[in-house]
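Chemist: Right, I'll just put the structure down here and ask away after.
Each reported figure results from applying straightforward, stated rules to the coordinates on display, with no laboratory input. The shown structure was predicted, so the numbers you read here are calculated from the model rather than taken from an experiment. Neighbour counts run over all protein chains shown; Cβ positions are idealised from the backbone, glycine included.
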Amino acid sequence: MPCTVVVCGFFGDTGKGKIISYLALKDKAAVTARAGVGPNAGHTVVYEGKKYGLRMLPSAFVYEKCRLLIGPGVLVNPDLLLSEIEMTHSEDRVGVDPQCAIIEPKHIKTDKGGHLAKKILTTGTGTGPCNAERALRIVRLAKDVPNLQKFLADVPLEVNRAIDERKNVIVEGTQGTYLSLFHGTYPYCTSKDVTASAACSDVGVGPTRVNDVVLVLKAYTTRVGGGPLPNEISEEEAAKRGWLEIATVTGRKRRAAPFSYELAKRAVMLNGATQAAITKIDVLFPECKGVKSYDELPQEAKKFVEKVEKEIKVPVTLIGTGPGAWEIADRRIE
Ligand code: GTP
Ligand code: IMP
Ligand code: MG
């Protein structure tokens, strides 16, 4: 902190939601600004015995003093946003930039047909068609939606002011490096860049204002939808290893593969990562479950973390040992 960007180094679903909920609580983040594409993302937050699936609001909502912003680069589905505001009782601390583009039923309809549904296997949430209209400069913006008026806020100004005041700010990336329209596995990718630079642009933060970029990696790799996944294993094998996950947004099964050092290394480069998080270490090494200090992790888990560090050449500071916001070994404080 003060300005920390959190992004995923693989194909999304590495647990950014969990890492951000922890960072917001632990570092008392004053502001979190959601970046990324839009409601195609599904961030899971597990806190005080409840599980939340968030597609629009920042995962930092668990820290009650945190202002929750949505940057102008992000696409907004107003119905989804309003239902998440209600679910999290966060009405008095949400800000939506007037320049956010709005997803309409026609975008969702287009996304659920043709090559997007059949070849790319998109999430069907309307984000690609909405970004296409945005590029054509015919899309509707948040400033023109009556039931969003009370949430409108100048997000870049708020974020930069908080940084000026040395408050802790989180920029919440979504999707993953290899789903980027520029750096991912085109055409099997999402509808814009989603690396750290894009996340900053989404919320109006310049590159010189960022202190840390946390690259979130998972102890194994998963991917939903079409496109290559190096060393992919069968669904049966994934189930056997406990790696078979179900997607938050679409309910589809996630494809799985072992941890890829090659992808992780390149993601460090593409995102300018200063540190990394590894989630789900408890799935590889069950004795890690709920462990909150690095010293208490079993030897083989430590060996894995140290091998990752040696390969990617940035410190692994946060290690996820369970889905709960506090289930983490935080090496920043050891
Ligand atoms: P996208 O923005 O959609 O890419 O999502 P995300 O990166 O926020 O990840 P998502 O919540 O979709 O998937 C991560 C899954 O792993 C969720 O079910 C989390 O609850 C779970 N999870 C996160 N960290 C850990 C961990 O350290 N251990 C275990 N067992 N589960 C974890
Ligand atoms: P779209 O972003 O809905 O257009 O989908 C394009 C590709 O990105 C598909 O393979 C989706 O499964 C994938 N995708 C988009 N958002 C996410 C995400 O948040 N997590 C994981 N995969 C995603
Ligand atoms: Mg997800």
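Chemist: Could you state the per residue volume, in Å³, of the convex hull enclosing the Cα atoms of segment 139-296? Mind showing how you got there, number by number?
Modeler: Values: hull volume 27.7 nm³, N = 158.
Per-residue hull volume (Cα only) is 175 Å³.
Chemist: Along the Cα-to-C-beta direction of Asp144, a point sits 7 Å from the Cα; which residues of segment 76-116 have their amide N less than 11 Å from that point?
Modeler: 102
Chemist: Label-point separation (nm) for Lys51 and Arg161, each offset 7 Å from Cα along Cα-to-Cβ?
Modeler: 3.9
Chemist: Along the Cα-to-C-beta direction of Asp79, a point sits 7 Å from the Cα; which residues of segment 102-140 have their amide N less than 13 Å from that point?
Modeler: Output list for this probe position: 103-109, 125-126.
Chemist: Over the Cα atoms, compute the radius of gyration (one decimal) and Dmax (the largest Cα-Cα distance, rounded to a whole number) for the chain, in Å.
Modeler: Answer for the chain, Rg first and Dmax second: 18.6, 57 Å.
Chemist: Taking a cut-off of 24 Å between Cα atoms, list the lysines near Lys26, but don't count ones fewer than 8 places away on the same chain.
Modeler: Lys16, Lys18, Lys50, Lys51, Lys65, Lys167, Lys218, Lys280, Lys289, Lys292, Lys302
Chemist: Shifting gears a bit: Counting only trypsin sites (Lys or Arg not before Pro) that are in a DSSP loop and have at most 12 other C-beta atoms within 10 Å, tell me the longest site-free stretch of the chain.
Modeler: Numbers: sites that count: Lys65, Arg137, Arg166, Lys289, Lys313.
In the chain, the maximal stretch lacking such sites is 167-288.
Chemist: May I have the pair-distance distribution P(r) for segment 205-292, computed from all Cα-Cα distances with 5 Å bins from 0 and rounded to whole percent?
Modeler: P(r) for segment 205-292, in whole percents per bin: 3, 12, 19, 20, 19, 14, 8, 4, 1, 0.
Chemist: How much length is gained if the chain between Lys65 and Asp154 is pulled fully straight, taking 0.36 nm per residue apart and subtracting their Cα-Cα distance, in nm to one decimal? The partial results should precede the final answer.
Modeler: Values: separation 89, 0.36 × 89 = 32.04 nm, distance 1.88 nm.
In short, 30.2 nm is gained.
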